1. Just the Cα atoms of chain B: what Rg and Dmax do they give in Å?
2. For the stretch A:36-103, state which chymotrypsin sites (Phe, Trp or Tyr not before Pro) are in a DSSP loop and have at most 10 other beta carbons lying within 10 Å of their beta carbon.
3. Which percent, to the nearest 5, of DSSP beta bridges fully inside chain B are antiparallel?
4. Among A:L45, A:P8, A:S22, whose Cα sits farthest toward the positive end of the charge dipole of chain A (+1 at Cβ of Lys/Arg, -1 at Cβ of Asp/Glu, about the Cα centre)?
5. Rounded to the nearest 0.05, what FRET efficiency is calculated for B:E15 and A:S70 with R0 set to 45 Å and r the Cβ-Cβ distance?
6. Report the per residue volume, in Å³, of the convex hull enclosing the C-alpha atoms of the protein assembly as shown.
7. Between the stretch A:1-70 and the stretch B:77-97, what is the separation of their alpha carbon centroids in Å?
8. May I ask you to evaluate 6.51 cos²θ - 1.76 cosθ + 1.60, the Karplus curve with θ = phi - 60°, for each residue of the stretch A:77-91 and list the ³J(HN,Hα) values in order in whole Hz, giving x for glycine and proline?
Amino acid sequence: EAAVTQSPRSKVAVTGGKVTLSCHQTNNHDYMYWYRQDTGHGLRLIHYSYVADSTEKGDIPDGYKASRPSQENFSLILELASLSQTAVYFCASRPTGGEVGQDTQYFGPGTRLLVL
Amino acid sequence: QQQVRQSSQSLTVWEGETAILNCSYENSAFDYFPWYQQFPGEGPALLIAIRSVSDKKEDGRFTIFFNKREKNLSLHIKDSQPGDSATYFCAASGPGGYKVVFGSGTRLLVSP
């Protein structure tokens with residue numbers, strides 16, 4: 001069974017503080033993604049990675065960094081958290097390859113972040 | 001610029017009716033269109049998907065109708081059940097499919 005886990009599941013942070021969100025997958029997938037979800041905006045891509053030790057910017061990377069130390073782990077780092085970064089964050093993984101059925105992204109349960 | 005647009009933020013239908021969720025897109029290079037279903041407190045999960053070479057994809061009570069010329073598609077949920085109440089995201093990706101663009105979602109409520 002494919003599995004993506006996230007920690008913490010919820011967090012309260014102070015403005016200007018550093019926040020690290022972690023993601024772990026046991027799918028043996030090469031691709032991993034970080035999205036944020038806000039009401040009315042759906043899911044927006046922050047960063048993604050297709051190999052360990054390498055990350056790519058998504059559509060809204062400003063204010064976020066990412067780290068992929070291994071195939072299984074992908075972290076999202078907010079160096080200076082701001083009020084506007086209050087959202088639910090989802091991690092996802094996806095296998096490499098374009099065969100039928102391999103385009104599916106598998107999502108974790110999400111991390112609810114509140115910045116005060 | 002919203003590349004994938006879902007026309008309704010919310011939709012309410014009665015149990016047993018057919019729910020129709022609409023979606024449109026702008027980028028002609030998109031060739032893969034998944035619909036994801038999300039229940040409260042959970043991550044989205046793939047429900048059904050279609051490739052641009054097809055105009056219809058059916059899986060049980062769920063059917064995607066796709067119109068490449070008009071750049072729109074719809075998800076039909078036949079015989080809607082209260083358990084179908086969830087948020088549905090239309091999404092799209094181009095060749096390779098590594099980056100997916102999501103619509104803003106439609107929250108479906110099926111009333112018993």
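Throughout, read-outs are computed from the coordinates displayed, never taken from laboratory work. Worth saying up front: this structure is predicted, and the values here are computed from it rather than measured. Because the Cβ atoms are built from the backbone with ideal geometry, glycine has one as well, and the counts that use them run over all protein chains shown.
1. 13.3, 41
2. Qualifying residues, ordered by number: none.
3. 90
4. So the residue furthest toward the plus end is A:P8.
5. 0.45
6. Normalising the Cα hull of the protein assembly as shown by residue number yields 121 Å³.
7. Answer, in whole Å: 23.
8. Couplings: 10, 10, 5, 10, 4, 10, 4, 5, 8, 5, 5, 9, 10, 10, 9 Hz.
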